[in-house]
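Working notes for the structure below.
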Amino acid sequence: MVKEFIVLASILILFILSMLLHSLLFDTKGSKSAYRSIVALTHIVEPSFAPSSFEPIIRKGKKSRTNSIYPELPQINYLDFAYAQ
Amino acid sequence: MNPLFLNNQVIVYLFSEAALLALTILLFAKIVKFLWFWDFRSYSNRQLKLEKEAYLAMTIATLLFTLKSVLLIFFVHTIDKLSLIIPGAMCAAGVISANSYGMDLLFIKLTVIFTLLLFLIANSYDLQAKTYPLFRFKSWVLIIASGLIFIEFFLDISYFTHIDTSTPVSCCSALFGNLEGANPLPFGLDITKLLLLFYMLYLGTIIALTLETKTITLLTLLLFGVIAYYGVVYFFGTYIYELPTHKCPFCMLQREYYYVGYLLWGSLFFGLFFGVIWVIMSQVGYNITKAKWASMLLLTLFVALCSLYVAIYYSKNGVLL
Amino acid sequence: MLNNSFFYFFTLSLFKNRKRYFAIVTISTLVIFLLSSVLFLSDSIKYSINSQLELEPDLIVQKRLGGRVVPLDESIVDTIAEIYGVSQVTKRVYGRYYFDKEYSALIFGVDFLDEQSSKALAKLLNREDLKRFLSSESMLVGEGVFNYFKSHFYPKAYNFLTPSGKIKSVKILKVLDRRSNLFSNNLIILPQELAKEILGLKSNEISDIALNVPNPDEAANIQRKLEGLFLNAFISGKREMQKEYENLFNYKGGLFLALYLIVVMTLSLILYQRYSLANSLEKREVAILRSLGWSIKDLLGLKALENIMLVLFSFTLGLFLGYLYVFILKAPLLSELFLGKNLQTQIEFLPHIDYLSLATIFILYATTFLSAVLIPVWRVATTEPKEALS
């Protein structure tokens, strides 16, 4: 059973090595300079996703998804065509 | 609530310490029972049960030693990270002196590790002997160790609850640096005398260990510990940082200095521990040459490492700081 | 060491008893996976933000009424620029444009007259694009915004509805580099005049002012001066913002961890129970070994090694799965917890492994696991051979 044990251990070491390798080979510099080019322009160091602390927040409502005066065009769903036929 | 308690490392640290405290309480209860009822010559049921429980105590102590050592490193690393949150702190030195509990806590942590190490060594000789000749001795060591762990836990809680994240603390150069002409060294020493004493005491320790004179060994070891601490902070440290004004025992634990602090302080403390353990064990009748050699080797490594930094700096720049 | 009979026996018992360990390893791996993916993600975002913090302005001047940020008058900029020790005063115009009640984008207006902004813009665009950006009403959009436009049939230009009720058609000039999605996914970059129109600012109004103070010793003094400039001035410093980020992520990770501790405690209870129910087979095994001359110490060593192996195995496996989930699969679901759900696309998280985080997970897990199994393991190892075999 020693052989199996060594195989198992080497698989685990392989896991660790592959993690290390991935993190080392990842183009961190490229991503950072991409961030940099954006942040240098906006001076806002905060992920652009949700409204954040310094912005007034509009509460989210699920029900009426579009502005009724100025409605958004509906999103395309290819299955609609299939059902239509 | 103190925002420190939402820091991942602090939560995990306190949780682990609490888990270990639970084990220590169990250990303490068992040891008290041992000291009360232990009678090796008896064949009673209780004695047989106690002998089994002695293995439990041993296992707990081994686990405690391993995890406490890991947690010490983790603790130092954590407070190093906390210096980002606490205003004014640049490294662990500022955070640890944010209140008066910090330094005591570090000292207690080292003594806990020392007593547990002493127990493990005594225990391994005790088990070889088959008649448990050291049983009372090692039980008392464990009693002391668990008492220290109780104090340590109390200090842990007091330390983290008393850190104020709004008032600024001092950074290491304010704590250890030039105190406006006042001499920070003990016994009115200056740097030359300190270095002289450092190497003399090192030689003295080695000679005392080789000649196996207990009292002198203990004395030189303790003195060497104190002088080595000051030596590293006020002289050798400046060569590690390559900056004459940078005097700090903690910054060398950081990445910029290749974590050399762990090796440096580790070799010093374990060298001292093994030396003292050799003294104590020979007092109870066991001359452990291994501990003696380990002590000499580690202390030599420590002194060599310190001197090497100075030598390398001198060979690179041709001047001393 | 590999020919050691102790080691041989250890591997033998590990593989022969694999069914016994299967459930334990599965649960532990899951628990490690959960924690490691959360910590990986929060560390990665923190790292990305920290890498850009130096670009953050030292001070931000805002006007707040009743806690809300309201537009500032442009003329104040000249007064600020005259203060000694202040440099790089930038007028910023930004705000959210809500496509509907759920999805929004961050609109940012570039001031072409500002030297720094035009430099930064020149880096982002090549010459031709820059010319077109300057001459026509066009915008640069992040990938998430672009996908939204495309799915709503605006592949070339989008019609913004301004607060005054007019419809403003703006061409899409370029989609921003997808590698910068963390900062640019929901971003729309426009010329400042156009941004003001869409956000409903008057032509002399701006959102806030960012400025730098090269000498940190002067920061407190300058902050006091700025506060005296006009009523309702709200000045936030870099240090405060940084602490806010730190607390924000600690809070999210830490709250999770606090809940997670309960999971870990449950796990330790399960482990305790599982190990306490040592079946007769296991006891018999121990009894045979002891009658063959193994000491209790050897048995404890064997059991300890077995459990350490289990800890290491499940830890590595859980960690690996967490890594795959966050950095290869890009953390679906979990990233919404940290970044909010809004025009999600795939974000590449920088695979930054914080060794302190790994140590945190390992210490938490190893302490609980080993403490929980210690007593049951001891009980099995000290079984009397006579008891078990009879």
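The values are calculated or read from the model by the stated rules, or taken from the named source; none is laboratory data. From a predicted model like this one, the values you see are computed outputs, not experimental measurements. Positions of Cβ are backbone-derived with ideal geometry, glycine not excepted, and every protein chain shown enters the neighbour counts.
Taking (1) part of a helix (DSSP H, G or I); (2) more than 9 Å from chain A (Cβ to nearest Cβ); (3) in contact with a Leu (Cβ under 8 Å, 6 or more places away or on another chain) in turn, C:S48 satisfies each apart from (2). Is one or more of the residues making up segment C:15-28 more than 9 Å from chain A (Cβ to nearest Cβ), buried (at least 16 other Cβ atoms within 10 Å of the Cβ) and under 19 Å from C:P351 (Cβ atoms)? Within segment C:15-28 (the criterion being more than 9 Å from chain A (Cβ to nearest Cβ), buried (at least 16 other Cβ atoms within 10 Å of the Cβ) and under 19 Å from C:P351 (Cβ atoms)), the answer is no, since none of the residues qualifies. Is it fair to say C:L72 is more than 12 Å from chain A (Cβ to nearest Cβ) and buried (at least 19 other Cβ atoms within 10 Å of the Cβ)? Yes: the conditions hold for C:L72. Under the condition of being surrounded by 18 or more Cβ atoms within 10 Å (Cβ to Cβ) and either touching a Cys at 6+ places or on another chain (Cβ under 7 Å) or more than 13 Å from every other protein chain (Cβ to nearest Cβ) (or both), the residues counted in segment B:115-134 number 8.
This table checks each residue for (1) among the aliphatic types (A, V, I, L, M); (2) part of a loop (DSSP other than H, G, I, E, B).
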residue	(1), (2)
B:L106	yes, no
B:V112	yes, no
B:I121	yes, no
B:Y125	no, no
B:T131	no, yes
B:K138	no, no
B:F160	no, no
B:I163	yes, yes
B:S173	no, no
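Listed by first and then second residue, the pairs linking a residue in segment C:188-199 that is assigned by TED's automatic domain parsing to the domain that holds C:G95 and touching a residue at least 60 places away in the same chain (Cβ under 8 Å) to a residue that is of a type in the set (F, W, Y) and assigned to a helix (DSSP H, G or I), with Cβ atoms under 9 Å apart and 6 or more places separating them unless they lie on different chains, are C:I189/C:F133; C:P191/C:F133. Out of B:E17, B:E51, one residue alone is out of contact with any Leu (no Cβ under 6 Å at 6 or more places or on another chain) and over 15 Å from B:A145 (Cα atoms). It is B:E51. Listed by position, the helices (runs of 4 or more DSSP H) contained in segment C:316-390 that have at least 2 residues being more than 14 Å from chain A (Cβ to nearest Cβ) are C:355-381, C:385-389.
Contact map, segment A:1-21: residues that are more than 8 Å from chain C (Cβ to nearest Cβ) paired with residues that are assigned to a helix (DSSP H, G or I) and surrounded by 12 or more Cβ atoms within 10 Å (Cβ to Cβ), Cβ distance under 7 Å, separation 6+ or inter-chain. No pairs are found.
A Cβ distance below 6 Å, combined with a sequence gap of six or more or placement on separate chains, defines the contacts here; from segment B:101-126, residues that are among the aromatic types (F, W, Y) reach residues that are in a helix (DSSP H, G or I) in the pairs B:Y101/B:L155; B:Y101/B:S158; B:Y101/B:Y159; B:F114/B:F273; B:F119/B:A61; B:F119/B:K138; B:F119/B:V141; B:F119/B:L142.
From (1) among the basic types (K, R); (2) farther than 18 Å from B:A208 by Cα; (3) in a helix (DSSP H, G or I), pick out the condition that doesn't hold for B:K247. With respect to (1) among the basic types (K, R); (2) farther than 18 Å from B:A208 by Cα; (3) in a helix (DSSP H, G or I), B:K247 is out only on (3). The residues of segment C:238-281 that are away from chain B (no Cβ under 12 Å), modelled with pLDDT under 80 and surrounded by 15 or more Cβ atoms within 10 Å (Cβ to Cβ), listed by number, are C:K238, C:M241, C:A278. The set of residues in segment B:87-100 that are in a loop (DSSP other than H, G, I, E, B) and touching a residue at least 24 places away in the same chain (Cβ under 8 Å) comprises B:P87, B:G88, B:A89, B:M90, B:C91, B:S97, B:A98, B:N99. Of the residues making up segment C:87-109, those that are touching an Asp or Glu at 6+ places or on another chain (Cβ under 7 Å) and more than 9 Å from chain A (Cβ to nearest Cβ) number 1.
Of everything in segment B:1-51, what is of a type in the set (G, A, S) and more than 8 Å from chain C (Cβ to nearest Cβ)? Give them in sequence order. Within segment B:1-51, B:A18, B:A29, B:S42, B:S44 meet the criteria. Residues being surrounded by fewer than 14 Cβ atoms within 10 Å (Cβ to Cβ) and closer than 23 Å to C:L65 by Cβ: count how many of those fall in segment C:197-226. Counting residues in segment C:197-226 that are surrounded by fewer than 14 Cβ atoms within 10 Å (Cβ to Cβ) and closer than 23 Å to C:L65 by Cβ gives 5.
Pairs meeting the criteria (first residue in segment B:52-81 and facing chain C (nearest Cβ under 10 Å), second residue surrounded by fewer than 23 Cβ atoms within 10 Å (Cβ to Cβ) and acidic (D, E), beta carbons under 8 Å, at least 6 apart or on different chains) are B:L71/B:E17.
Take B:I86 and decide whether it is more than 9 Å from chain C (Cβ to nearest Cβ) and over 26 Å from C:V373 (Cβ atoms). Judged against the criteria, B:I86 is a match. Of the set (1) more than 9 Å from chain A (Cβ to nearest Cβ); (2) touching a residue at least 24 places away in the same chain (Cβ under 8 Å); (3) not in a loop (DSSP other than H, G, I, E, B); (4) not basic (K, R), all apply to C:F112 but (3).
Restricted to segment C:167-181, and to residues there that are within 11 Å of another protein chain (Cβ to nearest Cβ) and basic (K, R), the residue that is farthest from the chain's Cα centre (by Cα) is C:R178. Cβ separations smaller than 9 Å between residues 6+ apart or across chains give the following pairs from segment B:288-301 residues that are assigned by TED's automatic domain parsing to the domain that holds B:T213 to residues that are of a type in the set (S, T, Y) and exposed (fewer than 15 other Cβ atoms within 10 Å of the Cβ): B:K292/B:T210; B:M296/B:T210. Listed by first and then second residue, the pairs with beta-carbon distance under 6 Å, at least 6 apart or on different chains, first residue in segment C:317-343 and closer than 16 Å to A:E46 by Cα, second part of a loop (DSSP other than H, G, I, E, B) and hydrophobic (A, V, I, L, M, F, W, C), are C:L339/A:F49; C:G340/A:F49; C:G340/A:A50; C:N342/A:F49; C:N342/A:A50. Of the set (1) within 7 Å of chain C (Cβ to nearest Cβ); (2) more than 30 Å from C:M241 (Cα to Cα), all apply to A:T42 but (2).
For segment C:126-162, filtered to residues that are in a loop (DSSP other than H, G, I, E, B) and at the interface with chain A (Cβ under 10 Å from one of its Cβ atoms), the residue that is surrounded by the fewest Cβ atoms within 10 Å (Cβ to Cβ) is C:F153. If I ask for residues that are surrounded by fewer than 13 Cβ atoms within 10 Å (Cβ to Cβ) and either at pLDDT 90 or above or assigned to a helix (DSSP H, G or I) (or both), which ones from segment B:276-321 would you list? Matches in segment B:276-321: B:Q283, B:T289, B:K290, B:A304, B:L308, B:A311, B:I312, B:S315, B:K316, B:N317. All of B:L84, B:L48 fail the test of being farther than 17 Å from B:G102 by Cα, of a type in the set (A, V, I, L, M), modelled with pLDDT under 90 and not in a helix (DSSP H, G or I), apart from B:L84. For B:P168, the criteria (1) within 26 Å of B:V233 (Cβ to Cβ); (2) of a type outside the set (V, I, T); (3) surrounded by 16 or more Cβ atoms within 10 Å (Cβ to Cβ); (4) more than 14 Å from the chain's Cα centre (by Cα) hold in every case but one, which is (3).
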